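The values are calculated or read from the model by the stated rules, or taken from the named source; none is laboratory data. All figures in this text were calculated on a predicted structure; none of them were measured in a lab. Here Cβ is always computed from backbone atoms with ideal geometry, including for glycine, and neighbour counts include all displayed protein chains.
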Amino acid sequence: MGSVTDLEALLRPPAMEMPPYPPKVITLASGEEMVVRQVGREEIPTLLKAIYPLLLVERDYYDIVAARLYAELLAYKRYRVRDEYVLVGLIDGVLAGVVNGRLVDAKVGMSYHTMTIRRGLRVGSHLFAAKMEYHIEHVGQADVLIVAESPIGFRRWMIEYPLEKRYEVQHELGGVPSWVLTRKTYFDAKPRLVSGRRPVPPALLAGAATIRLPGDDVVKRQVLDEKGGGR
Ligand SMILES: CC(C)(COP(=O)(O)OP(=O)(O)OC[C@H]1O[C@@H](n2cnc3c(N)ncnc32)[C@H](O)[C@@H]1OP(=O)(O)O)[C@@H](O)C(=O)NCCC(=O)NCCS
């Protein structure tokens with residue numbers, strides 16, 4: 001056997017050329033501006049810190065989504081997942097939500113997770129739309145495979161777009177039957193669900209260069225605040 005470096009090369013999956021996600025800015029219902037941008041591997045430890053306090057929050061399925069997202073982010077950082085990308089939403093540089101997914105091949109995308117840290121502003125809805133935009137418009141894929149782990153997710157994706165069943169395909173998240181977003185579904189939904197402007201003004205982009213985290217107590221309060229959770 002060769003050196004550790006040779007072994008590491010064997011352990012790492014092959015990588016496709018992936019286009020970058022061009023940043024955009026979305027004006028939220030509150031009037032606040034959310035910058036949506038891609039993150040690099042060096043920023044993953046910051047995201048892991050944000051997700052960690054949610055691992056034990058059962059409300060609205062934050063626990064399972066946090067646990068799986070944690071593993072997916074770590075796998076991205078440690079090169080143990082194939083062709084993953086991660087996008088964040090930042091309000092004044094503060095983390096409001098995270099989405100991720102990966103490319104199965106040139107034509108098919110696999111949506112992984114959407115997690116809102118700052119609730120009540122459809123941050124998750126906007127970020128999910130951004131990842132669909134990435135797969136369909138920037139990578140140029142035909143289909144994105146999607147599942148929901150929570151009733152809120154089901155409402156946001158399966159019903160709002162609406163998605164179609166592709167039950168003959170097992171999704172990577174637990175092998176459950178997949179749903180699919182096609183190019184047609186995406187472009188039909190785009191005027192309703194995909195928002196944002198480019199280019200992001202330089203001052204806003206500079207303010208989103210470093211991810212700032214709300215305190216653990218703030219995250220838990222935002223996620224758990226009584227406003228009809230469990231639905
Ligand atoms: C699913 C999810 C990404 C949607 O994010 P979002 O679009 O930003 O939506 P929010 O979570 O803010 O709000 C969803 C609903 O819960 C309600 N809600 C529950 N708790 C709330 C809180 N603490 N603050 C504000 N709203 C809350 C909202 O009123 C909203 O109702 P609506 O659907 O009638 O608008 C997000 O709820 C989330 O991260 N959930 C946990 C993980 C998860 O399920 N991910 C998706 C897996 S498929």
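Hey, does region 173-193 have a residue that's assigned to a loop (DSSP other than H, G, I, E, B), within 16 Å of the ligand (Cβ to nearest atom) and closer than 24 Å to Q222 by Cα? Working first, answer last.
Initially, region 173-193 is screened for residues assigned to a loop (DSSP other than H, G, I, E, B), giving 173-176.
Add one more test, that the residue is within 16 Å of the ligand (Cβ to nearest atom), and what stays is 173-176.
Cutting the leftovers down to closer than 24 Å to Q222 by Cα gives us none.
Scanning region 173-193 turns up no residue that is assigned to a loop (DSSP other than H, G, I, E, B), within 16 Å of the ligand (Cβ to nearest atom) and closer than 24 Å to Q222 by Cα.
What about A209, is it in a helix (DSSP H, G or I) and either at pLDDT 95 or above or within 14 Å of the ligand (Cβ to nearest atom) (or both)? No; evaluated as a whole, the condition is false for this residue. For region 115-131, the tally of residues that are under 15 Å from Y62 (Cβ atoms), more than 7 Å from the ligand (Cβ to nearest atom) and in a helix (DSSP H, G or I) stands at 0.
Annotation: R212 fulfils all but one of (1) loosely packed, with under 12 Cβ neighbours inside 10 Å; (2) within 17 Å of A96 (Cα to Cα); the unmet one is (1). Flag not set for L28, criterion: within 16 Å of the chain's Cα centre (by Cα) and either closer than 28 Å to I136 by Cβ or among the basic types (K, R) (or both).
Checking A9, A96 one by one, the residue that is exposed (fewer than 15 other Cβ atoms within 10 Å of the Cβ) and either part of a helix (DSSP H, G or I) or within 18 Å of the chain's Cα centre (by Cα) (or both) is A9 and no other.
Among what's in region 140-165 and is among the basic types (K, R) and assigned to a helix (DSSP H, G or I), pick the residue that is surrounded by the most Cβ atoms within 10 Å (Cβ to Cβ). Explain how you work it out, then say what you get.
Step one: filter region 140-165 for residues among the basic types (K, R), giving 155-156, 165.
Filter again for assigned to a helix (DSSP H, G or I), leaving 155-156.
Working: R155: 13, R156: 20.
It comes out as R156.
Residue-level check: of (1) buried (at least 17 other Cβ atoms within 10 Å of the Cβ); (2) within 13 Å of the ligand (Cβ to nearest atom), V81 misses just (2).
Can you tell me which residue within region 62-93, out of those that are basic (K, R) and assigned to a loop (DSSP other than H, G, I, E, B), is nearest to the chain's Cα centre (by Cα)? Taking the candidates together, the pick is R82.
Can you say whether Y70 is surrounded by fewer than 21 Cβ atoms within 10 Å (Cβ to Cβ) and free of Cβ contacts under 8 Å to residues at least 60 places away in the same chain, as far as the supplied structure shows? For Y70, the condition - surrounded by fewer than 21 Cβ atoms within 10 Å (Cβ to Cβ) and free of Cβ contacts under 8 Å to residues at least 60 places away in the same chain - is met.
Residues that are in contact with a strand residue (DSSP E or B) (Cβ under 7 Å, 6 or more places away or on another chain), aliphatic (A, V, I, L, M), assigned to a loop (DSSP other than H, G, I, E, B) and surrounded by 14 or more Cβ atoms within 10 Å (Cβ to Cβ) within region 12-58 comprise M18, L28, V39, listed in sequence order. Scanning region 138-160 for residues that are more than 12 Å from the ligand (Cβ to nearest atom) and closer than 15 Å to V99 by Cβ turns up H138, V139, V144, L145. For first residues located in region 204-231 and polar (S, T, N, Q), partners that are at pLDDT 90 or above and more than 10 Å from the ligand (Cβ to nearest atom) and lie 6+ apart or on another chain with Cβ distances below 9 Å form the pairs T210/E43; T210/T46; T210/G93; Q222/P214. Taking residues in region 83-99 that are farther than 18 Å from Y21 by Cα, and partners anywhere that are modelled with pLDDT under 95, the pairs with Cβ atoms closer than 8 Å and at least 6 places apart or on different chains are V94/P214.
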